[in-house]
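Undergrad: Here's a structure for you.
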Amino acid sequence: MIGLVDPHHAPPSRLPAYISASAAKSYLACSLRFFFGRVLEIRKPTTPSLHLGKAVHAALQAFHLARWRGTDDSPAVIAAAFEDSFVRIELEEGPVRWKEGEREKSRLAGLRVVAAYLDSPDALKSKPRGVEVSITETIPGLQVPLTGVLDLVTDVFAPVDFKSAAAKPDKRHAAFDHELQLVAYQLLLEAATGEDPPSLDLIFLVKTKIPQVIRISSPPADHRRKDRVIRMIDTAVTGIVEGRFHPQPGMTCLGCQYRNECKAWPALPKRRAP
Ligand code: SF4
């Protein structure tokens, strides 16, 4: 059964134990979508593109870990890691909303894009400093600790975040769009180690017919950029604590899975009973 609750009557909650850049970005993009997904935890079927992105991410993680450990990182081994992840993630986190014939096309697209990365000049060549690096640190200016998991930290100490994309990204827009996440990673690395990264890198794996691998490097943030990002993240913390959740119609609605729930606002579906 689904009940209804008026969010305006919800009491303010306590400070969260920590905040991640992805949670802050999600809140700032649409606070109501954040509420449905991360507060009420309303689960929706996984979209094919999200599923493929997770399986590709797992294959790249296997490659980077093999580089780090000095174990077999051959294309055949990494392709097998992709195939395993494609099946396992569907079982563990599915169901996936496939259209007819879409699953096989998606699997083949994943294999192509992983192979394109391994074959590209941007594939990691040396032993990395870290893979899937989990960091939680107190950052001055933030009410709660900042947390994050960095896909890769290269041998020269550059954080790299991998993105799956359907189309070639615009370089300037991509760096601007992902500024919050990249600068958050810089803040975490600096707080944890005292070292400054030389750059903040995105690597896009573009799932076009002929896959493309595109690296977009930004210079490390100066004081002004860091301050801007800290204020953005802290705005999200304040909004979450004060229970400010409302529709923010815009481009985000195009891929939103909570449109029906959104139309019912300010009456909202409650978490389903277990
Ligand atoms: S449909 Fe748009 S406004 Fe409504 S919750 Fe989703 S993203 Fe927010």
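Undergrad: Of all accessible surface on the chain at a 1.4 Å probe, what whole percent is carbon and sulfur? Mind showing how you got there, number by number?
TA: Values: 8380 of 14810 Å².
Answer for the chain is 57 percent, counting heavy atoms of protein chains only.
Undergrad: Find how many whole Å separate the alpha carbon centroid of segment 162-177 from the alpha carbon centroid of segment 220-274.
TA: The distance from the Cα centre of segment 220-274 to that of segment 162-177 comes to 21 Å.
Undergrad: In deg cm²/dmol and to the nearest 500, what is the mean residue ellipticity at 222 nm of the chain if only DSSP H runs of at least 4 residues count, each as -39500 (n - 2.57), divided by the residue total? Could you put the intermediate results ahead of the total?
TA: Details: 9 runs with 117 residues, N = 274.
Computed ellipticity for the chain at 222 nm equals -13500 deg cm²/dmol.
Undergrad: Something else now. In debye to the nearest 20, how big a dipole does the chain give about its Cα centre with +1 on each Lys and Arg Cβ and -1 on each Asp and Glu Cβ?
TA: Values: 37 positive and 31 negative charges, 181 e Å.
Result for the chain is approximately 860 debye, rounded to the nearest 20.
Undergrad: Tell me, in nm to one decimal, what length is gained between R215 and R228 on full extension, where the rule is 0.36 nm per residue of separation less the Cα-Cα distance?
TA: On the way: separation 13, 0.36 × 13 = 4.68 nm, distance 2.42 nm.
Extending this stretch completely gives an extra 2.3 nm.
Undergrad: Determine the per residue accessible area of segment 148-274 with all protein chains present and a 1.4 angstrom probe, expressed in square angstrom. Each step should come with its number before you reach the end.
TA: On the way: 6670 Å² over 127 residues.
Accessible area per residue: 52 Å².
Undergrad: Same structure, new question: Expressed as a rounded percentage, what relative contact order does the chain have, with Cα pairs under 8 Å and six or more residues apart? Kindly include the intermediate steps, with their values, before the conclusion.
TA: Numbers: 433 pairs, mean separation 79.2, N = 274.
Value for the chain: 29 percent.
Undergrad: Oh, and also: Report the Cα centroid-to-centroid distance between segment 104-120 and segment 36-68 in angstrom, as an integer.
TA: Cα centroid to Cα centroid, the span is 16 Å.
Undergrad: For L28 and F157, what does the FRET efficiency come to when R0 = 22 Å and r is the distance between their Cβ atoms, rounded to the nearest 0.05?
TA: Numbers: r = 28 Å, r/R0 = 1.28.
Taking R0 as 22 Å, the efficiency between L28 and F157 is 0.20.
Undergrad: Looking at the chain, what % of its DSSP beta bridges pair antiparallel, to the nearest 5? Mind showing how you got there, number by number?
TA: Details: 18 of 27 bridges.
Percent antiparallel among DSSP bridges in the chain is about 65.
Undergrad: Considering the chain as a Gaussian network with a 10 Å cut-off on Cα pairs, which listed residue, K54, K125, K163, attains the greatest mean-square fluctuation?
TA: Highest fluctuation of the listed residues: K125.
Undergrad: Sticking with this one: Using a 1.4 angstrom probe with every protein chain in place, what is the largest-first accessible-area order of E92, E102, E242?
TA: On the way: E92 115, E102 55, E242 95 Å².
So, going from the largest accessible area down, we get E92, E242, E102.
Undergrad: Per residue, how much accessible area does segment 48-118 show when a 1.4 Å probe rolls over the protein heavy atoms, in square angstrom? Can you show the working numbers first?
TA: Working: 3760 Å² over 71 residues.
It amounts to 53 Å² per residue over segment 48-118.
Undergrad: As an exercise, take the mean of 1/r over every pair of distinct alpha carbons in the chain, invert it, and state the Kirkwood radius in angstroms. Each step should come with its number before you reach the end.
TA: Working: mean 1/r = 0.0494 Å⁻¹.
About 20.2 Å for the chain.
Undergrad: Please find the FRET efficiency linking T235 to E41, where r is the Cβ-Cβ separation and R0 is fixed at 25 Å, and quote it to the nearest 0.05.
TA: On the way: r = 23 Å, r/R0 = 0.91.
FRET efficiency, T235 to E41: 0.65.
Undergrad: Same structure again: Along the Cα→Cβ direction, 7 angstrom out, place labels at A17 and T252. What is the inter-label distance in nm?
TA: Inter-label distance under the simple model: 2.5 nm.
Undergrad: Let me ask another. For the pair A192/S134, report the inter-label distance in nm, with labels modelled 7 Å from Cα in the Cβ direction.
TA: 1.1
Undergrad: Would you be so kind as to identify all helices of the chain, as entire DSSP H runs, whose Cα atoms reach 30 Å or more along the helix's own axis and whose mean Kyte-Doolittle hydropathy is at least 0.0? Spell out each step's value before the answer.
TA: Values: long enough: 48-69 (31 Å, 0.07).
Membrane-span-like by this rule: 48-69.
The values are calculated or read from the model by the stated rules, or taken from the named source; none is laboratory data. Note that the structure is a prediction, hence the values are computed from the model and not measured. Methodologically, a virtual Cβ is constructed for each residue, glycine included, from the backbone with ideal geometry; neighbour enumeration extends over all protein chains shown. Ligands, DNA and RNA are excluded from the accessible area calculation, which covers all protein heavy atoms including side chains. Shrake-Rupley method; radii C 1.70, N 1.55, O 1.52, S 1.80 Å.
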